[in-house]
Amino acid sequence: MKKFTLLFLLFSLVFTDAAVNENGEDNNGIDLSTLTALTGTITFRLYAYSATSAAGTFDIEEHTATAKGIIINGTVVAICTSPTVTWDGTNWTPTTPDINTPVIINANYITGNSVNEVSFSACSLTVSVGFTLTVDNGDFVVIENNVVANGTVRVETQGAFVQNDDAGTFTGNGLVLKTTPNKQAWYYYTYWSSPVEDETAFGAFPDTDADRRFLFSAPDYLDENTGSSNDGIPDDIDDNGDDWQIVAGGTTLITGVGYAATAGPFHIPGGSDSADFNGAFNTGDIDTSIFFNVLNTLGSWNFIGNPYPSAIDFVAFQAANSSVI
């Protein structure tokens, strides 16, 4: 069982309660009744440390008998305790990394570029200023916890960058480059989804005409009639044609939402199209809203997308969401 200390922060004042142990509780309490001169918002923060194992979950529940109190839940992130491993441009020092070692990229690194530049796992990752970690096609990098990209983490179309812990964070510069199969015409649409934070439609699709970038508005999809006839027979097409909506160039792409965009009008027939997504990588659990209308007897369409800089297991994804998909 992990032990936790509760730190109650009130502006600049700190009150420390004793550790809470398994099957027991500390009853010292925190008395703020004498602080009558303070006004504003009171913020409580819960810190967990001195755990007897590397990772796990914790919670504070309401009192069972009285049904009073608060409920707080959280996660203890595994601490990287192994010695740090550094890439110097030629070798790993002092040894090759694994899922238990913190890693520092202190020179450019391209997976598959040399006998020492291969896919790898690490407990945490730091990319130093001025350097780039590139995950090439068919390769992967798996990080257990946090990433700090003071340089750049770059992921190619068929590369995979994974953060295992849902509480892990990605801070800094990320770049995911996506390339399509060959398109026979520029006006063929590709379905995209952003794997990074705060990317805009223009940033990802700068060559696409302003009226060729769309999202699908599921609440506006209503299919009760055939074409323009009010016959009550659905034809799997939105009755008033307002389900596909143009996305303005400055619009920030929403995490987990799908977008449709053509190539630019100067696209060479038979060539591929591409999109570059710049920003901190999405990580952790991501919720995406879907909409269902009982009036759509043929089914309600939703357009969602993979929000991560790696492929996802669709079988596992569908099973986890079987109640709504």
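The values are calculated or read from the model by the stated rules, or taken from the named source; none is laboratory data. Computed from a predicted structure; not experimentally measured. Glycine also receives a Cβ, built like all others from the backbone with ideal geometry; neighbour counts cover every protein chain displayed. Surface accessibility is based on the protein's heavy atoms, side chains included, excluding ligands, DNA and RNA. Shrake-Rupley method; radii C 1.70, N 1.55, O 1.52, S 1.80 Å.
Report relative contact order for region 166-255 in percent, whole number only (criteria: Cα-Cα under 8 Å, sequence separation at least 6).
Relative contact order for region 166-255 comes out at 32 percent.
Ordered by packing density, taken as the mean number of other Cβ atoms within 10 Å over each peptide's residues, highest first, how do 249-261, 294-306 rank?
Listed from highest to lowest mean packing, they are 249-261, 294-306.
Counting only protein heavy atoms, what percent of the accessible surface of region 205-262 is carbon or sulfur at a 1.4 Å probe?
Percent of accessible area from carbon and sulfur atoms in region 205-262: 53.
Taking the Cα atoms of region 160-257, report the difference between the largest and smallest coordinate on each principal axis, in whole Å and largest first.
Dimensions of region 160-257 along the principal axes of its Cα atoms: 55, 35, 26 Å.
Residues of region 225-325: accessible area per residue at 1.4 Å, in Å²?
That works out to 58 Å² per residue.
Along region 237-249, what does the Karplus equation 6.51 cos²θ - 1.76 cosθ + 1.60 (θ = phi - 60°) give for ³J(HN,Hα), rounded to whole Hz, x for Gly and Pro?
Computed from phi, the couplings for region 237-249 are 10, 4, 5, 10, x, 10, 6, 8, 10, 5, 9, 5, x Hz.
With just the Cα atoms defining each centre, how far is region 89-109 from region 135-172? Give it in Å.
Cα centres, region 89-109 to region 135-172: 14 Å.
Using alpha carbon centroids, what distance separates region 286-307 and region 225-266, in Å?
Here the two parts' Cα centres lie 13 Å apart.
Work through the residues other than Gly112 whose Cβ is under 14 Å from its Cβ and net out their charges, Lys, Arg +1 and Asp, Glu -1.
In short, -3.
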